[in-house]
Structures are given as structure tokens and as C-alpha cells.
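In what follows, a single structure is set out as C-alpha cells and then discussed.
The values are calculated or read from the model by the stated rules, or taken from the named source; none is laboratory data. Owing to the predicted nature of the structure, the values given are computational and were not obtained by experimental measurement. Reconstructed Cβ throughout: ideal geometry from the backbone, glycine too, with neighbour counts over all protein chains shown. For accessibility, only protein heavy atoms count, side chains too; no ligands or nucleic acids. Shrake-Rupley method; radii C 1.70, N 1.55, O 1.52, S 1.80 Å.
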Amino acid sequence: MNSVTIFEEPQLEFASGERLEHPRDGLTLFGPVDSKGIEKPSHIRYGVIGTKGGIRALKEFIFAVNREIPTGDGFDDILWPHFPGFEEAFHSVLPVEPAWVEEIDEVTVRSAASNRDDHQRVFGLVSLYLSRIRAAKKSDEAFDFFVIVIPDLIYTNCRPLSRLHGGHGSRVGKREQQLRAQMGDFFESYEPEQYSFSIDFRRQIKARVMELEMPIQIIRESTLALEATERRFGSRPLTPLSDRAWNLCTALYYKSGGKPWKLADVRNGVCYVGVSFKNTETNHNACSAAQMFLNDGDGVVFLGDEGRWYSEKRGEYHLNRESAFRLLSGVLNTYKALHGKELKEVFLHCQSAVNDEEFAGYQMACPKEVKLVVIRVAPERLGLRLYRAGTRPVLRGTWWQATPRRGFLWCSGFKPRLRTYDGSEVPQPLCIDVQHGEADVAQVASDILGLTKLNYNCCKLGENRPVTIHFSSAVGEILVSNRLTRDHKPNFKYYI
């Protein structure tokens with residue numbers, strides 16, 4: 001078998017069962033899919049933490065998104081559609097005045113962000129923001145989420161590849177970091193646990209805030225700019241205000257407990273599980289994590305075992321039977337406790353190949369009446385490319401089935417709804433390989449195309465990877481790089 005077909009763009013469901021392919025069209029015309037649900041957030045209560053300038057910028061931004069925002073001058077209204085206003089799109093109220101405001105002194109933030117010790121710098125800043133959330137939690141107020149508005153200096157200085165110029169304190173080498181993580185300091189100039197957390201601000205605060213049971217939305221101050229600024233070398237380019245309004249408001253609605261949309265024509269009892277691995281910084285170990293997704297957007301997260309799962313010889317990760325069993329049974333049991341819906345089929349998405357021992361462990365975790373299929377989903381970065389005659393790239397949804405169990409799916413490419421290709425390189429396909437179990441590989445590919453539309457952290461027609469692969473990597477980074485985190489939460493709103 002060697003054939004090429006083109007899948008139609010998957011449809012999404014909105015209020016009253018109405019269907020469209022683009023979430024921005026559906027929300028504008030019909031509203032969110034849970035519009036008439038009893039658990040729908042009708043009035044959102046949120047807190048905000050930031051500098052004086054950051055808090056002011058957020059209030060101005062919220063004021064703006066409560067009104068219609070037209071497509072900016074010089075921008076295509078097909079590619080960048082107008083934003084109708086938060087209440088019009090989500091049938092919910094987002095107040096301009098937060099329920100709680102905590103102002104942080106800008107001088108304090110700049111001082112903490114200038115510490116030359118990478119771990120102390122990030123740990124100190126995260127602790128600063130978390131202390132404000134703890135104070136708010138002691139009140140009688142109920143919050144749906146907190147908005148953390150950070151100066152761009154934190155984004156610049158608090159990532160794994162950040163290089164600090166100047167600053168105060170001294171840089172600590174790897175060996176000294178390991179020693180400090182194991183013993184305290186008589187003079188209490190540092191906390192030992194800070195050397196066991198990620199030096200990425202976003203990953204660390206997402207992990208540590210879980211013990212407070214509070215979803216957060218991190219926003220850079222520059223993201224909230226209402227007026228287009230003159231582009232200068234080294235300055236941050238921003239999309240139109242209407243685009244940023246769509247993306248941020250969708251994320252805020254989801255984190256308040258709402259469901260913006262779901263896939264139409266869902267198959268009942270089907271779930272998709274993404275498995276990811278992340279190398280730890282010590283002992284050459286790796287840790288596993290699994291994320292379950294349903295077609296309607298529900299799902300859970302589960303952290304697996306740590307061990308020597310990576311093979312340098314093969315360049316792949318492999319669990320043993322017992323760890324594979326615990327990983328999948330953990331996520332299935334967590335899902336059953338939270339949602340209780342009956343499962344009929346489980347599709348396991350992995351970026352590495354799955355060997356027979358791993359599959360045996362996964363199969364042991366599935367009830368006998370549940371069908372298990374293991375699929376390798378990996379980007380074809382250096383291999384196959386497909387070209388169309390003319391000037392347009394390959395269509396999104398193009399499916400090339402090479403064998404009965406293997407094929408290539410283009411989730412990126414020309415999108416007729418947008419009348420363009422919104423990428424910058426030749427579209428790369430995903431290699432889809434049914435490794436264990438029996439399934440129609442074309443149906444598997446069609447499902448994967450649908451899963452590219454379930455990212456509630458933005459509001460796009462579709463991404464180039466399914467959420468099972470996209471989020472499995474992101475969730476793994478948060479969980480695995482912060483092993484001391486207590487009370488891991490299974491809900492996705494804590495991770496995006």
C-alpha cells in the first residue's frame with residue numbers, strides 16, 4: 001500500500017452543538033461548548049501579583065479585552081481576526097478589578113534577578129511570588145487563578161541558558177551545587193533545597209505552586225502592550241493585540257474551570273496517553289511521566305519511576321516491565337478516580353520506540369476489556385519532504401500511508417481557512433508507526449490531526465504536533481526537573 005489522501009480539517013464543537021473548524025470563529029459566533037453547563041464559570045475571580053507597572057498594564061489589558069478589538073492596521077483580518085470581547089466570546093465576566101492585588105517592589109525584583117548564583121536567583125524570585133499567593137490564600141476570598149505579571153528581566157535572566165552580566169554574589173559550580181544540595185549552611189546564606197529545583201523560572205514556579213492548589217498564568221509585562229511600538233534591533237516582536245487577546249483569554253477561561261471547545265464526532269471510550277522522559281541532573285537517570293487526553297479535552301497527569309531508562313547505544317528510552325505497568329496503571333487509576341468514565345480503547349503515543357518488555361507492562365495495566373495500541377509519533381526532522389506543484393506548500397492534513405502500519409502526516413502546511421501557510425520552513429511531517437496492537441493507521445492519523453486542536457493555552461486553528469506529544473514534553477520538564485515538589489496535581493490547568 002502506498003497512497004496519499006488529504007484529511008478534512010477536524011471540526012470543533014461549541015455552544016448548542018454548533019460546529020466549525022476554527023476556534024475563533026466558533027467562539028465569536030456561538031460561545032464556548034460549556035456555555036449552558038452548570039459548572040461553567042460565569043464570573044471569574046482572580047488575583048494578580050506584579051510590580052506597580054505590571055499591575056497597571058494588566059488592568060489596562062483586561063479593560064481592553066472587555067471590548068471589541070479590531071484587527072490592527074496593516075494586518076490581514078483572515079489571519080488575525082478581530083476579538084469580540086471577553087464576555088461576547090466566552091459568555092462569562094472577567095472583571096477589570098482583580099479580587100486580590102499584591103504589589104512587589106521593582107527594586108526588590110531587580111536585586112533578586114541579578115544574583116549570580118543561578119539556583120539562588122530563580123529560587124529567591126519564585127519564593128517571592130509564592131509568598132504573596134500564600135498571603136492571599138489565608139483570606140476568605142475564593143480565587144479561580146492568579147496572574148503573575150513578571151518584568152522581562154526575569155524572562156531574560158531566569159532560564160537554563162541565561163547568561164548574567166554583572167550582578168551581585170558569586171556563581172556556583174556544579175560540584176559545589178551538589179554539595180550544597182546535601183548539607184545546610186551554618187550561616188544560612190542559602191537553602192539546600194534550592195539546588196534541587198529547576199533554574200527555569202516558569203518550570204519551578206509551576207511546580208512549587210501546586211502545593212497551594214492554585215493555577216497561575218504567567219505573563220511578561222511586554223506582552224500586555226496595547227500600542228504597537230517601533231521595532232528596533234533586539235526588541236521583542238509582538239503579534240496584533242487581537243491575537244494576544246484571543247490566546248490569553250482562552251487560557252484564562254480554561255484555568256477558571258471552563259471548557260472553550262471540544263472535538264466534534266468523538267468516539268466514546270477512547271483516550272490518548274502521551275509518554276515522556278526527562279534526564280535528571282544526577283546519576284545519569286531519567287524519569288518518566290504520562291499524560292492522558294480525551295477527545296473532549298479532559299485528562300490527567302501522572303509521574304512515573306526514575307531509573308536508567310536511556311540507552312546511549314540506541315539513543316532511546318525504555319522502561320522495564322514493572323515501571324511500565326506502574327506508569328500506565330497510575331494514570332488510568334487517577335483518571336478513574338477523577339472522571340469515572342468507562343474506557344474502551346487506549347492509544348499510547350511515544351516518541352521513542354516501545355520494546356516487547358515495555359508493551360507487556362503496559363498491557364498488564366489495562367483491563368482485559370480495554371484495547372491497547374502503542375504508536376510511535378515522531379517528527380521527521382531530517383528526512384521526508386513533500387512538495388506541491390506551484391508556489392504553495394503541501395496542505396495541512398496530507399496523509400501518506402506507506403505500509404498498513406506506517407505513514408506520514410502533515411499537521412503543518414497550507415491552511416485553506418487562513419489562506420496561507422503560517423510557517424517559515426518547508427512543512428515537516430510526523431512519522432506515525434503502529435508498533436503494538438491492532439488499529440487502522442489512517443484512523444490513528446486522523447485522530448492525531450484532531451489532537452492538534454486541543455491546546456487551550458492558545459486559540460489556534462491547529463498546531464504541528466498533537467497535545468499528547470506537545471504537552472508530554474512540557475509536563476515532563478515541570479515534573480522531572482523539580483523532583484522535590486510536593487502534591488503533584490493531575491489537572492492540566494496547573495501545567496500550561
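Taking first residues from the range 140-158 that are in a helix (DSSP H, G or I) and partners that are open to solvent by 40 Å² or more (accessible area, probe 1.4 Å), the Cβ contacts under 7 Å between residues at least 6 apart in sequence or on separate chains come to Asp152/Arg220; Asp152/Glu221; Leu153/Arg110; Tyr155/Arg220.
Can you find even one residue in the range 182-204 that is part of a strand (DSSP E or B), more than 23 Å from the chain's Cα centre (by Cα) and at pLDDT below 95? No; the residues of the range 182-204 include none that is part of a strand (DSSP E or B), more than 23 Å from the chain's Cα centre (by Cα) and at pLDDT below 95. Whether a residue is open to solvent by 20 Å² or more (accessible area, probe 1.4 Å) and either touching a Pro at 6+ places or on another chain (Cβ under 8 Å) or at pLDDT 95 or above (or both) was assessed, and Ala389 does not pass this test. Within the range 318-347, residues that are among the β-branched types (Val, Ile, Thr) have Cβ atoms under 8 Å from residues that are open to solvent by 10 Å² or more (accessible area, probe 1.4 Å) and part of a helix (DSSP H, G or I) in these pairs: Val346/Leu332, counting only partners at least 6 apart in sequence or on another chain.
Scanning the range 338-358 for residues that are open to solvent by 20 Å² or more (accessible area, probe 1.4 Å) and either under 24 Å from the mean Cα position of the chain (by Cα) or within 17 Å of Gln291 (Cα to Cα) (or both) gives Leu338, His339, Gly340, Lys341, Leu343, Glu345, Gln351, Ser352, Ala353. A residue that is open to solvent by 10 Å² or more (accessible area, probe 1.4 Å), hydroxyl-bearing (Ser, Thr, Tyr) and either touching a Gly at 6+ places or on another chain (Cβ under 6 Å) or part of a helix (DSSP H, G or I) (or both) occurs nowhere in the range 424-434. Among the residues of the range 104-124, at least one is β-branched (Val, Ile, Thr), touching a residue at least 40 places away in the same chain (Cβ under 8 Å) and touching an Asp or Glu at 6+ places or on another chain (Cβ under 9 Å). Within the range 340-367, the set of residues being in a loop (DSSP other than H, G, I, E, B) and either under 13 Å from Val301 (Cα atoms) or among the small types (Gly, Ala, Ser) (or both) comprises Gly340, Ser352, Ala353.
Within the range 311-329, the set of residues being in a strand (DSSP E or B) and at pLDDT below 85 comprises just one member, Ser311. The residues of the range 385-396 that are in a loop (DSSP other than H, G, I, E, B) and either out of contact with any Asp or Glu (no Cβ under 9 Å at 6 or more places or on another chain) or farther than 18 Å from Thr420 by Cβ (or both), listed by number, are Arg385, Leu386, Tyr387, Arg388, Ala389, Gly390, Thr391, Arg392, Pro393, Val394.
Scanning the range 248-267 for any residue that is closer than 29 Å to Gln443 by Cβ, more than 18 Å from the chain's Cα centre (by Cα), in a helix (DSSP H, G or I) and modelled with pLDDT of 90 or more turns up nothing. On the basis of being more than 23 Å from the chain's Cα centre (by Cα), over 23 Å from Asn247 (Cβ atoms) and not aromatic (Phe, Trp, Tyr), does Arg116 make the cut? Yes, satisfied.
Looking across the range 270-286, just one residue is modelled with pLDDT of 85 or more and more than 20 Å from the chain's Cα centre (by Cα), and that is Val270.
Determine if the range 137-144 includes at least one residue that is open to solvent by 40 Å² or more (accessible area, probe 1.4 Å), at pLDDT below 90 and on the phi > 0 side of the Ramachandran plot. No - not one qualifying residue is present in the range 137-144.
Check Leu454, Leu382, Leu449, Leu418 and return the single one that is within 21 Å of Gly274 (Cβ to Cβ), outside any strand (DSSP E or B) and out of contact with any helix residue (DSSP H, G or I) (no Cβ under 6 Å at 6 or more places or on another chain). Only one candidate passes the filter, namely Leu449.
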